[in-house]
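**Q** Dropping a structure here in structure tokens format, bear with me for questions.
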Amino acid sequence: MDLEEDIRSLQLDSAEDINGVVNPEDEKPDVDKMDEGLLSGSDPKQEVQAQSVEAEPKAKVKEILSVQDEEDEQMKKRHLNVVFIGHVDAGKSTTGGQILFLSGQVDDRTIQKYEKEAKDKSRESWYMAYIMDTNEEERVKGKTVEVGRAHFETDTTRFTILDAPGHKSYVPNMISGASQADIGVLVISARKGEFETGYERGGQTREHVQLAKTLGVTKLLVVVNKMDDPTVNWSKERYDEIESKMIPFLKQSGYNVKKDVSFLPISGLMGLNIKTRLDKSLCSWWDGPCLFESLDSIEVPMGDPKSPFRMPIIDKFKDMGTVVMGKVESGTIRDGDSLLIMPNKDHVKVVAIYIDENRVTLAGPGENLRVRLSGVEEEDILSGFVLSSAANPISTVTEFVAQLQILELLDNAIFTAGYKAVLHVHSVVEECEIVELLQQIDPKTRKPIKKKVLFVKNGAIVLCRVQVNNVICVEKFSDFPQLGRFTLRTEGKTVAVGKITAL
């Protein structure tokens, strides 16, 4: 197939893919980005045709680029996972849906279909949420249950949105969402009464923030939603009130508010201040960035592509072999690699790697992958197993030493040796027991307290030995932060968060 045809077919595809919307950046032919060898000796007509290739899904461009470029191509845009957290009904799914709509991932026809569906259920304002909440149960109740996944891109970054459930009975699902996230978007409803319920004790806003921090969501974007509501009407007083109440609480949860947190007002339903900045006529006092700009400007330290490979498995299924899903926490994976599935020590070979729908030859830290493996049966894999480098496999333990911070024990409980809880670490969910309290740490000085410790109460920091029933894969927090931090929950409440200090 000659080059001109190839590029022409790409152009047609790209027109469909972006519904005929050409980014202004794409209008200038940017020849440098294309493979030099590809265009050498070609006439200007072809160069102009090459311009729309930029907007391509990567798989199609790849066919013409040589292998060397293929690797650059994948590494060009950084990839970040964004988790939407916050109280039930704060508007997380609606905001997520709006982002997808504005970034051209959903066409008008689909939106009209959702609008009609929402009207039929007499839930007119929910239609944007339907983009994220795809199953019937979620639509009828208007509550997110599973962690929805969707993808969008800005000029510099590819994002995966994880829309976590806000309802308290689904917090374990929210944990699995946040443990894969790099950035948290905390959605808060500005509507009178709604912010207050989400924020009071027992509201999900508090629990989610604490969980997000422990699960390693280092950067937080606090989005004050529903600013268009009649009770708010883009009022600066209300926005400032919410900000002033949230800041002390974010500090207390361990966020450095100046460095790692930013606030911005939006309307998820109307799609205001999401892709473009606010109109001064609507809201005269805000001249900060819009949501897309804020997301783009966030600096997130990436895992090390050269360190040993680690990918906790969150899901598995059969599809022409065994396919596992997960997020790469460190290292790089290539087609044909020989890896181990821990803790069972099954030797496997990488047959194919997919990012979204695109097949790739290699992938680095931060990517969400589906990997097809040979050498293992699907039923031999459980979520919580880790795909890891064979030369340097992940540690497997039934007992470890950890530093715990007690958040909120259930009524009148005391925390002592023999305390049982459910341990969540990366994608592992396992029952555990505290075998021994080693020492208590003074929260102010961070030094151990000399006195022997038998039990501790809320707010304490304590070093203890934790035992689990089955072998689990974990690492020391100092070596691999994402594989060494965990939460303890009892009866549906997060009681403590911690990091593994010794194995």
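**Q** For a test of the definition: using alpha carbon positions, the gyration tensor, and the 1.5 limit on a/c, classify the range 398-503 as rounded, prolate or oblate.
**A** Because a/c hits 1.5 or more and a/b fails to exceed b/c, the range 398-503 counts as oblate.
**Q** Shifting gears a bit: Given a 1.4 Å probe, how much area per residue of the range 223-290 is accessible, in Å²? Please list the in-between numbers first.
**A** Working: 3370 Å² over 68 residues.
Averaged over the residues of the range 223-290, the accessible area is 50 Å².
**Q** How high is the FRET efficiency from ARG446 to SER235, r the C-beta distance, R0 35 Å, rounded to 0.05? Write down the numbers at each step before the final one.
**A** Values: r = 41 Å, r/R0 = 1.18.
Efficiency for this residue pair is about 0.25.
**Q** Quick query: amide H of VAL222 versus all other amide H atoms, modeled in the peptide plane; which residues come in under 5 Å with a sequence gap of 5 or more or a different chain?
**A** LEU186, SER262, PHE263, LEU264
**Q** What list of ³J(HN,Hα) couplings, whole Hz, do you get for the range 285-294 from phi and the Karplus terms 6.51, -1.76, 1.60, once you set θ to phi - 60° and write x for glycine and proline?
**A** So the Karplus estimates, Gly and Pro as x, are 8, 9, 10, x, x, 8, 4, 4, 5, 4 Hz.
**Q** Along the range 423-434, what does the Karplus equation 6.51 cos²θ - 1.76 cosθ + 1.60 (θ = phi - 60°) give for ³J(HN,Hα), rounded to whole Hz, x for Gly and Pro?
**A** Per-residue couplings from phi come out as 9, 10, 9, 5, 9, 8, 10, 8, 6, 9, 9, 7 Hz.
**Q** Amide H neighbours of ASP346 under 5 Å, counting only residues 5+ apart in sequence or on other chains, H built in-plane at 1.01 Å?
**A** Answer set, sorted by chain and number: ILE341.
**Q** For the range 216-311, build the charge dipole from Cβ charges (+1 Lys, Arg; -1 Asp, Glu) around the Cα centre, then report which of ASN273, SER297, TRP285 sits farthest towards its positive end.
**A** Highest projection toward the positive end goes to SER297.
**Q** I need the calculated FRET efficiency for the pair GLU431 and ASP287, taking r as the beta carbon distance and R₀ as 45 Å, to the nearest 0.05. Don't skip to the end; give the middle numbers.
**A** On the way: r = 51 Å, r/R0 = 1.14.
Computed FRET efficiency for GLU431 and ASP287 comes out at 0.30.
**Q** Where the accessible area of the range 290-404 is counted over protein heavy atoms with a 1.4 Å probe, how much of it, in %, is carbon and sulfur?
**A** Details: 2310 of 4630 Å².
The C+S portion of the solvent-accessible surface of the range 290-404 is 50 percent.
**Q** What's the extension gain from ASP380 to LYS258 if we count 0.36 nm per residue and subtract their Cα-Cα distance?
**A** Numbers: separation 122, 0.36 × 122 = 43.92 nm, distance 4.64 nm.
Once the chain is fully extended between ASP380 and LYS258, it gains 39.3 nm.
**Q** Of the cross-linked pairs LYS92/LYS327; LYS213/LYS499; LYS219/LYS444; LYS213/LYS251; LYS236/LYS280; LYS251/LYS476, which ones have a Cα-Cα span greater than 18 Å in the structure shown? It would help to have the intermediate numbers written out before the result.
**A** Details: LYS92/LYS327 22 Å; LYS213/LYS499 12 Å; LYS219/LYS444 24 Å; LYS213/LYS251 11 Å; LYS236/LYS280 13 Å; LYS251/LYS476 25 Å.
Among LYS92/LYS327; LYS213/LYS499; LYS219/LYS444; LYS213/LYS251; LYS236/LYS280; LYS251/LYS476, the Cα-Cα distance tops 18 Å for LYS92/LYS327; LYS219/LYS444; LYS251/LYS476.
**Q** Which number comes out as Rg/Rh for the range 189-277 once both Rg and the Kirkwood Rh are worked out on C-alpha atoms?
**A** Numbers: Rg = 13.1 Å, Rh = 13.6 Å.
Radius of gyration relative to Kirkwood radius: 0.96.
**Q** Restricting to the range 310-428, what percent of DSSP beta bridges are antiparallel, rounded to 5? Mind dumping the intermediate values first?
**A** Numbers: 35 of 36 bridges.
For the range 310-428, the DSSP antiparallel bridge percentage is about 95.
**Q** With θ taken as phi - 60° and the coefficients 6.51, -1.76 and 1.60, list the Karplus ³J(HN,Hα) couplings across the range 248-259 in order, rounded to whole Hz; mark glycine and proline as x.
**A** x, 5, 5, 4, 5, 7, x, 8, 8, 5, 5, 8
**Q** Another question, then. Magnitude of the Cβ-charge dipole of the range 209-278, K/R +1 and D/E -1, about the Cα centre, nearest 20 debye?
**A** Details: 11 positive and 7 negative charges, 65 e Å.
With only Lys, Arg, Asp and Glu charged at Cβ, the dipole is about 320 debye.
**Q** Quick check on packing: order 104-116, 431-443, 328-340 by the mean number of other C-beta atoms within 10 Å, highest mean leading.
**A** On the way: 104-116: 13.8, 431-443: 16.6, 328-340: 19.2.
Top to bottom by mean Cβ count within 10 Å: 328-340, 431-443, 104-116.
**Q** Which shape class applies to the range 279-319: rounded if a/c is under 1.5, otherwise prolate when a/b exceeds b/c and oblate if not, where a ≥ b ≥ c are the square roots of the Cα gyration tensor eigenvalues?
**A** On the way: a/c = 6.48, a/b = 2.30, b/c = 2.81.
It is oblate, given that a/c is not under 1.5 and a/b is not larger than b/c.
The values are calculated or read from the model by the stated rules, or taken from the named source; none is laboratory data. If you're wondering where the values come from, they're calculated on a predicted model, not measured in any experiment. Here Cβ is always computed from backbone atoms with ideal geometry, including for glycine, and neighbour counts include all displayed protein chains. Quick note on the areas: whole protein, heavy atoms, side chains included, nothing else; ligands and nucleic acids left out. Shrake-Rupley method; radii C 1.70, N 1.55, O 1.52, S 1.80 Å.
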